[in-house]
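Take a look at the structure set out below.
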Amino acid sequence: MKVRSDQFSRLSSEALQDEFLREALARANASFQDARGDAVDSMPDWEALRQQAHEIKNRAIENLPEALDAFEKNICSRGGEVHYCEDGAAARDTILSIIRSHDGSSVTKSKSMVTEEIALNDHLEAAGLSVLEGDLGEYIIQLAGEHPSHIIAPAIHKSREEVAELFHEHLGSDPKADIPELTRVAQRTLREAFLGADIGISGANFVVSETGTIVLVENEGNIRMSTTIPRVHIALVGIEKVVPRLEDLALLLRLLCRSATGQRVTSYISFISSARTPAEGDGPEKIYVVFLDAGRSRLWADPGQRAALNCIRCGACLNFCPVYGSVGGHSYGWVYPGPIGSVITPHFVGIEKASQLPQASSLCGRCAEVCPVKIPLPDMLLGLRAKAVEAGSAGIVERFSMRVFSLLGRSPRLWRFALACGRPVYKLVARAGLASVLGGPLRRWNRSRGLPLPQKQGFRSWWRAETKKGDVDD
Amino acid sequence: MTENYRDRLFGFLKSRAVGQPGELFTEASRERPSSAPRCGDDLGARFCSELNAVGGEASDLASSADPAAELGGWLQGLGLKTAVIDSDPRWKVTGLPIREIVEGAGLELERVDGSALPADLARFDLGITLADAAIAETGTIAQCASPFRPRSISLVPRCHLVLVPADRLLASLEDLFEGISSGAEWAGGPEGFASYFTWMTGPSRTADIEKTLTIGVHGPARTGAFLLGAESQDD
Ligand code: SF4
């Protein structure tokens, strides 16, 4: 997928003008937040759980080579086949050649952000294959020729009317159909596709080292369809998805489902360890796991950022982020939006192509509070800001003002002098509302907020007065 | 080409490892976490209330005066025509005359083994199976791959009826995973889990359009789960 993350500020300004989007986001975030809140309240030991989940994922990520190796051995011992791909191009080619080797022509897919990452659909369609998304949200997005805007609810930015119009155009359904009817229309169309598909492609929520098992979490049943009916199942999996043991899933599934949708568990969870055995009649004849690196090992090699690979993609950090909640997923310009997107995108696509993303946060810290595996997202964003500056992202004004600030900050005397000179000027500007006539960033800043007038008494003189009274500590 | 990348990737990861990471499979990690929920003594009640809360239709036949009549009533209420049942040998020990009950409720019943194809199963209104295990904590039904039961019998018909033998009701997710790891019989022994295992908790659902909950997308819209009493096992 084309990266537009360097255009966050333009894309988000546009998004802010979109009335429907803002309403939809507000509604979605409120409902996600409520659902998660209730689910978390029902778990008395939530904090302990988060700590344990953090430790489990950490153990797998810290031992990544061993964890991958064990998974590979186990699934291969039962006839699975594992590939490792350095980047999107290699993964696309690998998947296409697997499909060709089985004479496949029709593909059904289940929702997978990794396949979005490598723009798999476009590639397969260009190669003459028919590809259908099985998840309702993804299917809507596919018909519309768009990209998902949320990692759990991909079509959150689309209104019911838009979907009805879209289905009317492509599937000939009633343009006034309501939501249950629209769902039925999609279900009927996709049912045909599932029954006729020869290749099923999925992602994975987890892969288990000790048993060589692919774990898939869903609500609709489309993943079960894609991994049961077609002759061949291909799972495209980021190398960070490993967990050590089956037993670890009890905790991780509890946290994932509650954090994502507020469910105790989702409607379906599939554990796939091999193709069908000779005694079984249905299920795929062959299973492939295609591991994708595409920047993950680079991220892994960065100790300060490695924990971002612990992410279990629950989407909670998006649902609680005031920035995401205002600008929506498309503003982030690539596959992964919200706080986690702002952290991993610069690693996956290169900081120079995504230097605006680490700035797309007020660092309020809600994301870190809700993250079920305790990823310190704000700290990581700060680290990335520093990297972006090193990579030369800061403009001349920013560099100059920071230099002045650091000069002043190192000398109390200069600091006092600057304050003494600055105060009257600031007061004048604020009082006269002059900021709006100033040019550049100041003007943009002041378009939506007033400059506050300074307090009558400055902090230093207040401090002096208070310490003289001797009651500062009271 | 991809094989080469495996070596390069592993080489890179090993060269950039920092410090000595803790072990991947620690003994401590085999212990059950303190956070595992307690489900109370009445697992049947917990199972039913969890499943009903997510739109499933659960009932404990152990406390029913006439289990066959209760089941028949539910089936009749569905208003369906055709049903398909797997050929699990355990049907014999449930003590329920399942064919009579289903046909008595006005449905045509066909029996299939594990080789039935999804497209054939999709013609039926109702799939009927036995649970390999059920989890009270979440109202979940678990089934592994089986030569007697196609994977899609619980997926492509628009309704699913599952009966849960009393000795297959487990308390928590931990119980289920520990059972699998120790090769419990209900997990199909070590081989059953080794291919495919699925959890079903209530009907298929989506909230993909305007976050509005809609039941029955690709999987069944109605899912009935009936717990069998222990005594019926002894028949
Ligand atoms: S960073 Fe944490 S909160 Fe965000 S998606 Fe990942 S696991 Fe969920």
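The values are calculated or read from the model by the stated rules, or taken from the named source; none is laboratory data. Predicted model only: the values in this text are computed from it and were never measured. Here the Cβ positions follow ideal geometry from the backbone for every residue, glycine too, while neighbour counts run over all protein chains shown. Accessible surface is based on the protein model in full, side chains and every heavy atom, while ligands, DNA and RNA are left aside. Shrake-Rupley method; radii C 1.70, N 1.55, O 1.52, S 1.80 Å.
General remarks:
- Applying a 4.7 Å Cβ-Cβ cutoff to chain A, the cysteines left without a disulfide-compatible partner are A:76, A:85, A:257, A:311, A:314, A:321, A:364, A:371, A:421.
- Per-residue mean of foreign Cβ neighbours for A:177-184 is 4 (Cβ atoms of other chains, 10 Å radius).
- The residue A:34 and residue A:362 beta-carbon pair, evaluated with R₀ = 22 Å, returns a calculated FRET efficiency of approximately 0.50.
- Cut-off 16 Å, label 7 Å out along Cα→Cβ of residue A:188, residues of region B:190-223 by amide N: B:217-218
- Ranked by how many other beta carbons lie within 10 Å on average, peptides A:302-308, B:128-134 from highest: B:128-134, A:302-308
- Region A:80-197 - percent of accessible surface contributed by carbon and sulfur, probe 1.4 Å: 47 percent
- Given +1 at the Cβ of Lys and Arg, -1 at the Cβ of Asp and Glu and no other charges, the dipole of chain B around its Cα centre is 1000 debye to the nearest 20.
- Amide H contacts for residue B:85 (H built 1.01 Å from N in the peptide plane; partners 5 or more residues away or on another chain; cut-off under 5 Å): B:110, B:111, B:112, B:128.
- Residues whose placed amide H lies under 5 Å from that of residue B:140, excluding near-sequence neighbours: B:135
- Net lengthening on full extension, residue B:7/residue B:66 (0.36 nm per residue, minus Cα-Cα): 14.8 nm
- At a probe radius of 1.4 angstrom, the accessible area of the protein assembly as shown per residue rounds to 41 square angstrom.
- Mean-position separation - Cα centroids, region A:310-366 and region A:118-182, in angstrom: 23 Å
- Scattering curve values for region B:80-195, log₁₀ I(q)/I(0), Debye with Cα scatterers, q = 0.24 Å⁻¹: -1.38
- Inter-centroid distance (Cα atoms) of region A:211-270 relative to region B:154-195, Å: 16 Å
- Percent antiparallel among DSSP beta bridges (both partners in region A:43-294, rounded to 5): 25 percent
- Set A:111/A:158; A:2/A:374; A:241/A:374; A:73/A:286; A:2/A:57; A:111/A:387 screened for pairs whose C-alpha atoms are more than 21 Å apart: A:2/A:374; A:2/A:57; A:111/A:387
- Applying 1/(1 + (r/R0)^6) with R0 = 60 Å to the Cβ-Cβ distance of residue B:213 and residue A:425 gives a FRET efficiency near 0.55.
- Phi angles across region A:380-394 convert, under the Karplus curve 6.51 cos²θ - 1.76 cosθ + 1.60 with θ = phi - 60°, into 3J(HN,Hα) values of 5, 4, 4, x, 6, 4, 4, 5, 4, 5, 4, 7, x, 7, 6 Hz, Gly and Pro given as x.
- Under-5 Å amide H pairs with residue A:82, H placed in peptide plane, nonlocal only: A:289
- Relative contact order for chain A, counting Cα pairs under 8 Å that sit 6 or more residues apart, in percent: 21 percent
- Accessible area that becomes buried as B packs against A, both chains, 1.4 Å probe, Å², nearest 100: 7200 Å²
- Sequence-ordered 3J(HN,Hα) estimates for region A:18-25 from the Karplus curve with 6.51, -1.76 and 1.60 and θ = phi - 60° stand at 8, 4, 4, 4, 5, 5, 4, 5 Hz, glycine and proline given as x.
- Distance between the 7 Å Cα→Cβ label points at residue B:99 and residue A:386: 7.5 nm.
- Ranking A:113, A:1, A:402 by solvent-accessible area of protein heavy atoms (1.4 Å probe, all protein chains present), from largest to smallest, gives A:402, A:1, A:113.
- Range in chain B, longest, excluding exposed GluC sites (Glu not before Pro) [loop by DSSP; at most 16 other beta-carbon atoms within 10 Å]: B:32-235
- Sulfur and carbon atoms: percent of accessible area, region A:291-342 [1.4 Å]: 62 percent
- In region B:5-24, the residues that give up 30 Å² or more of accessible area when the other protein chains are added, compared with the chain on its own (1.4 Å probe), are B:5, B:6, B:9, B:10, B:12, B:13, B:16, B:18, B:21, B:24.
- Relative contact order of region A:191-268, taken over Cα pairs closer than 8 Å and 6 or more residues apart, is 36 percent.
- Computed extension gain for residue A:73 through residue A:298, at 0.36 nm per residue and net of the alpha carbon distance, reaches 78.6 nm.
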